[in-house]
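Comments concern the structure below.
The values are calculated or read from the model by the stated rules, or taken from the named source; none is laboratory data. This one's a predicted model, so the numbers in the text were calculated from it and none came from an experiment. FYI the Cβ positions are ideal-geometry reconstructions off the backbone, even for glycines, and counts take in every protein chain you see. Just the protein is used for accessible areas: all its heavy atoms, side chains included, with ligands, DNA and RNA removed. Shrake-Rupley method; radii C 1.70, N 1.55, O 1.52, S 1.80 Å.
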Amino acid sequence: MTDDQSEIAAQAARWVVEEGLEYGPAKRRAAKELGLSGRGMLPSNEVLEDAVMDYIAVFCADTQPQELQALRRLALDWMARLAEFRPHLGGAVWHGAATRKSDIYLQLFCDDSKSAEIALIDQRVSYVARTVTGFNGEAVDALSVHAFSAELNEDIGVHLMIYDFDDVRGALKADAKGRAPRGDAKAVRRLLSPVTT
(Lines give C-alpha, C1' and ligand atoms only; values in the text may rest on other atoms or scores of the structure.)
Protein backbone atom coordinates (compact mmCIF):
# COMPACT_ATOMS: atom_id res chain seq x y z
CA MET A 1 0.00 0.00 0.00
CA THR A 2 1.29 3.45 -0.90
CA ASP A 3 1.42 6.46 1.41
CA ASP A 4 -1.32 8.07 -0.70
CA GLN A 5 -3.59 5.04 -0.28
CA SER A 6 -2.94 5.08 3.45
CA GLU A 7 -3.84 8.77 3.61
CA ILE A 8 -7.02 8.19 1.59
CA ALA A 9 -8.00 5.30 3.88
CA ALA A 10 -7.45 7.36 7.03
CA GLN A 11 -9.52 10.29 5.73
CA ALA A 12 -12.26 8.03 4.34
CA ALA A 13 -12.44 6.13 7.65
CA ARG A 14 -13.33 9.35 9.46
CA TRP A 15 -16.27 9.94 7.10
CA VAL A 16 -17.43 6.33 7.32
CA VAL A 17 -17.54 6.53 11.12
CA GLU A 18 -18.70 10.12 11.63
CA GLU A 19 -21.07 10.54 8.68
CA GLY A 20 -22.07 6.99 7.83
CA LEU A 21 -20.71 7.19 4.27
CA GLU A 22 -20.39 3.97 2.32
CA TYR A 23 -16.87 2.81 1.53
CA GLY A 24 -16.88 3.66 -2.19
CA PRO A 25 -18.12 7.25 -1.85
CA ALA A 26 -15.89 7.83 1.19
CA LYS A 27 -12.78 6.72 -0.72
CA ARG A 28 -13.62 8.85 -3.76
CA ARG A 29 -14.38 11.90 -1.60
CA ALA A 30 -11.13 11.48 0.34
CA ALA A 31 -9.09 11.15 -2.86
CA LYS A 32 -10.71 14.26 -4.32
CA GLU A 33 -10.19 16.29 -1.15
CA LEU A 34 -6.55 15.22 -0.95
CA GLY A 35 -6.01 16.10 -4.62
CA LEU A 36 -5.32 12.49 -5.58
CA SER A 37 -6.97 10.81 -8.52
CA GLY A 38 -7.05 7.59 -10.44
CA ARG A 39 -8.97 4.44 -9.65
CA GLY A 40 -5.76 2.50 -8.95
CA MET A 41 -4.96 5.08 -6.27
CA LEU A 42 -7.89 4.03 -4.05
CA PRO A 43 -7.23 1.60 -1.20
CA SER A 44 -9.10 -1.72 -1.10
CA ASN A 45 -12.18 -2.15 1.06
CA GLU A 46 -10.12 -4.38 3.36
CA VAL A 47 -7.59 -1.59 3.90
CA LEU A 48 -10.39 0.90 4.56
CA GLU A 49 -12.05 -1.48 7.00
CA ASP A 50 -8.78 -1.71 8.94
CA ALA A 51 -8.59 2.10 8.98
CA VAL A 52 -12.19 2.27 10.22
CA MET A 53 -11.39 -0.15 13.05
CA ASP A 54 -8.31 1.95 13.95
CA TYR A 55 -10.42 5.13 13.96
CA ILE A 56 -13.06 3.49 16.16
CA ALA A 57 -10.39 2.26 18.59
CA VAL A 58 -9.01 5.78 19.00
CA PHE A 59 -12.13 7.97 18.89
CA CYS A 60 -15.16 5.76 19.65
CA ALA A 61 -13.95 2.99 21.97
CA ASP A 62 -16.26 4.10 24.78
CA THR A 63 -19.49 4.12 22.72
CA GLN A 64 -19.01 1.83 19.71
CA PRO A 65 -19.43 -1.58 21.42
CA GLN A 66 -22.91 -0.67 22.72
CA GLU A 67 -23.91 0.92 19.41
CA LEU A 68 -22.76 -2.19 17.53
CA GLN A 69 -24.80 -4.46 19.81
CA ALA A 70 -27.89 -2.26 19.34
CA LEU A 71 -27.48 -2.50 15.55
CA ARG A 72 -27.07 -6.27 15.75
CA ARG A 73 -30.23 -6.57 17.87
CA LEU A 74 -32.13 -4.46 15.34
CA ALA A 75 -30.78 -6.65 12.55
CA LEU A 76 -31.98 -9.74 14.43
CA ASP A 77 -35.47 -8.22 14.71
CA TRP A 78 -35.57 -7.79 10.94
CA MET A 79 -34.12 -11.25 10.39
CA ALA A 80 -36.96 -12.68 12.49
CA ARG A 81 -39.55 -10.68 10.54
CA LEU A 82 -38.15 -12.03 7.26
CA ALA A 83 -37.08 -15.49 8.45
CA GLU A 84 -38.77 -17.27 5.54
CA PHE A 85 -36.19 -15.71 3.17
CA ARG A 86 -33.13 -17.12 4.98
CA PRO A 87 -31.71 -13.69 5.90
CA HIS A 88 -27.96 -13.25 6.40
CA LEU A 89 -26.32 -10.19 7.94
CA GLY A 90 -23.28 -8.74 6.19
CA GLY A 91 -21.29 -5.53 6.10
CA ALA A 92 -19.95 -3.46 8.98
CA VAL A 93 -22.60 -4.63 11.45
CA TRP A 94 -21.59 -8.25 10.86
CA HIS A 95 -17.83 -7.57 10.89
CA GLY A 96 -17.93 -5.31 13.96
CA ALA A 97 -16.88 -2.08 12.26
CA ALA A 98 -20.27 -0.34 12.69
CA THR A 99 -21.34 2.67 14.71
CA ARG A 100 -24.73 4.34 15.13
CA LYS A 101 -24.18 6.00 11.73
CA SER A 102 -23.91 2.63 9.94
CA ASP A 103 -26.67 0.99 7.95
CA ILE A 104 -27.68 -2.65 8.24
CA TYR A 105 -27.27 -4.93 5.21
CA LEU A 106 -29.28 -8.14 5.02
CA GLN A 107 -29.13 -10.58 2.14
CA LEU A 108 -32.39 -12.46 1.51
CA PHE A 109 -32.49 -15.71 -0.47
CA CYS A 110 -35.88 -16.09 -2.12
CA ASP A 111 -37.63 -18.59 -4.39
CA ASP A 112 -39.44 -15.66 -5.99
CA SER A 113 -37.73 -12.28 -6.17
CA LYS A 114 -41.01 -10.43 -5.52
CA SER A 115 -41.92 -12.42 -2.40
CA ALA A 116 -39.84 -10.24 -0.05
CA GLU A 117 -41.51 -7.15 -1.47
CA ILE A 118 -44.92 -8.72 -0.88
CA ALA A 119 -43.92 -9.57 2.69
CA LEU A 120 -43.02 -5.92 3.36
CA ILE A 121 -46.34 -4.78 1.88
CA ASP A 122 -48.19 -7.32 4.06
CA GLN A 123 -46.34 -5.95 7.11
CA ARG A 124 -47.23 -2.39 6.05
CA VAL A 125 -43.56 -1.41 5.75
CA SER A 126 -42.67 1.50 3.46
CA TYR A 127 -39.61 0.83 1.32
CA VAL A 128 -37.64 2.16 -1.61
CA ALA A 129 -36.72 -0.30 -4.36
CA ARG A 130 -33.49 0.09 -6.30
CA THR A 131 -30.78 -1.93 -8.00
CA VAL A 132 -27.33 -2.35 -6.40
CA THR A 133 -24.19 -4.36 -7.06
CA GLY A 134 -24.37 -7.75 -5.37
CA PHE A 135 -21.68 -9.79 -3.67
CA ASN A 136 -20.66 -11.41 -6.96
CA GLY A 137 -20.58 -8.11 -8.85
CA GLU A 138 -23.99 -8.69 -10.44
CA ALA A 139 -26.98 -6.33 -10.30
CA VAL A 140 -29.48 -7.28 -7.59
CA ASP A 141 -32.71 -5.76 -6.35
CA ALA A 142 -32.54 -3.99 -3.00
CA LEU A 143 -35.37 -2.84 -0.75
CA SER A 144 -34.39 -0.06 1.66
CA VAL A 145 -36.38 0.77 4.79
CA HIS A 146 -35.99 3.04 7.79
CA ALA A 147 -36.21 1.15 11.06
CA PHE A 148 -36.38 2.92 14.41
CA SER A 149 -33.90 1.74 17.02
CA ALA A 150 -35.23 2.50 20.50
CA GLU A 151 -31.78 1.79 21.95
CA LEU A 152 -30.12 4.38 19.72
CA ASN A 153 -33.20 6.63 19.59
CA GLU A 154 -32.91 7.12 15.83
CA ASP A 155 -33.84 5.67 12.46
CA ILE A 156 -31.39 3.21 10.94
CA GLY A 157 -31.24 2.31 7.27
CA VAL A 158 -31.93 -1.38 6.66
CA HIS A 159 -31.14 -2.60 3.15
CA LEU A 160 -32.51 -5.93 1.96
CA MET A 161 -30.63 -7.37 -1.00
CA ILE A 162 -32.65 -9.96 -2.90
CA TYR A 163 -30.88 -13.08 -4.19
CA ASP A 164 -32.05 -16.36 -5.70
CA PHE A 165 -32.68 -19.14 -3.21
CA ASP A 166 -29.63 -21.15 -4.35
CA ASP A 167 -27.21 -18.19 -4.15
CA VAL A 168 -26.73 -18.82 -0.42
CA ARG A 169 -24.06 -21.44 -1.23
CA GLY A 170 -21.73 -18.84 -2.76
CA ALA A 171 -22.64 -16.29 -0.10
CA LEU A 172 -20.73 -18.09 2.62
CA LYS A 173 -17.31 -18.36 0.97
CA ALA A 174 -14.57 -16.79 3.10
CA ASP A 175 -13.53 -13.24 2.28
CA ALA A 176 -9.99 -11.98 1.64
CA LYS A 177 -9.26 -12.07 5.38
CA GLY A 178 -10.52 -15.66 5.73
CA ARG A 179 -13.68 -14.57 7.58
CA ALA A 180 -17.26 -15.55 6.93
CA PRO A 181 -18.58 -12.59 4.93
CA ARG A 182 -22.06 -12.85 6.45
CA GLY A 183 -24.00 -14.89 8.98
CA ASP A 184 -27.50 -16.18 9.66
CA ALA A 185 -29.57 -15.35 12.75
CA LYS A 186 -27.92 -18.08 14.82
CA ALA A 187 -24.46 -16.67 14.03
CA VAL A 188 -25.61 -13.11 14.86
CA ARG A 189 -26.99 -14.26 18.22
CA ARG A 190 -23.55 -15.69 19.02
CA LEU A 191 -22.07 -12.23 18.44
CA LEU A 192 -24.45 -10.68 20.95
CA SER A 193 -22.40 -11.45 24.03
CA PRO A 194 -22.86 -9.03 26.93
CA VAL A 195 -20.88 -5.82 26.60
CA THR A 196 -19.12 -4.67 29.77
CA THR A 197 -18.31 -1.04 30.39
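Filter the stretch 121-140 down to residues that are free of Cβ contacts under 8 Å to residues at least 40 places away in the same chain and of a type in the set (A, V, I, L, M, F, W, C) and give me whichever is nearest to residue 157 (Cα to Cα).
128
Looking only at the stretch 24-35, which residues are under 17 Å from the mean Cα position of the chain (by Cα) and either surrounded by 15 or more Cβ atoms within 10 Å (Cβ to Cβ) or touching a residue at least 24 places away in the same chain (Cβ under 8 Å) (or both)?
Within the stretch 24-35, 26, 27 meet the criteria.
Pick from 57, 51: which is free of Cβ contacts under 8 Å to residues at least 12 places away in the same chain and either open to solvent by less than 50 Å² (accessible area, probe 1.4 Å) or under 22 Å from residue 101 (Cβ atoms) (or both)?
Details: 51 fails: free of Cβ contacts under 8 Å to residues at least 12 places away in the same chain.
None of the other options fit; the residue is 57.
When residue 190 is evaluated against the numbered criteria (1) open to solvent by 10 Å² or more (accessible area, probe 1.4 Å); (2) in contact with a helix residue (DSSP H, G or I) (Cβ under 7 Å, 6 or more places away or on another chain); (3) more than 29 Å from residue 19 (Cβ to Cβ), which criterion, by number, is the only one it fails?
Unmet condition: (2).
Among the residues of the stretch 89-128, count how many are farther than 27 Å from residue 15 by Cβ and of a type outside the set (Lys, Arg).
Total satisfying the criteria: 17.
State all residues of the stretch 26-52 that are in a helix (DSSP H, G or I), touching a helix residue (DSSP H, G or I) at 6+ places or on another chain (Cβ under 8 Å) and not hydrophobic (A, V, I, L, M, F, W, C); if no residue qualifies, say none. Lay out the reasoning, then the answer.
So the first thing to find is which residues in the stretch 26-52 are in a helix (DSSP H, G or I), and the list is 26-33, 39-41, 45-52.
Retained after the next criterion (residues that are touching a helix residue (DSSP H, G or I) at 6+ places or on another chain (Cβ under 8 Å)): 26-27, 29-31, 33, 41, 45, 47-52.
Of everything in the stretch 26-52, those that are in a helix (DSSP H, G or I), touching a helix residue (DSSP H, G or I) at 6+ places or on another chain (Cβ under 8 Å) and not hydrophobic (A, V, I, L, M, F, W, C) turn out to be 27, 29, 33, 45, 49, 50.
Please determine whether any residue of the stretch 36-47 is surrounded by 21 or more Cβ atoms within 10 Å (Cβ to Cβ), modelled with pLDDT under 95 and either under 30 Å from residue 11 (Cα atoms) or of a type outside the set (Asp, Glu) (or both).
There is at least one residue in the stretch 36-47 that is surrounded by 21 or more Cβ atoms within 10 Å (Cβ to Cβ), modelled with pLDDT under 95 and either under 30 Å from residue 11 (Cα atoms) or of a type outside the set (Asp, Glu) (or both).
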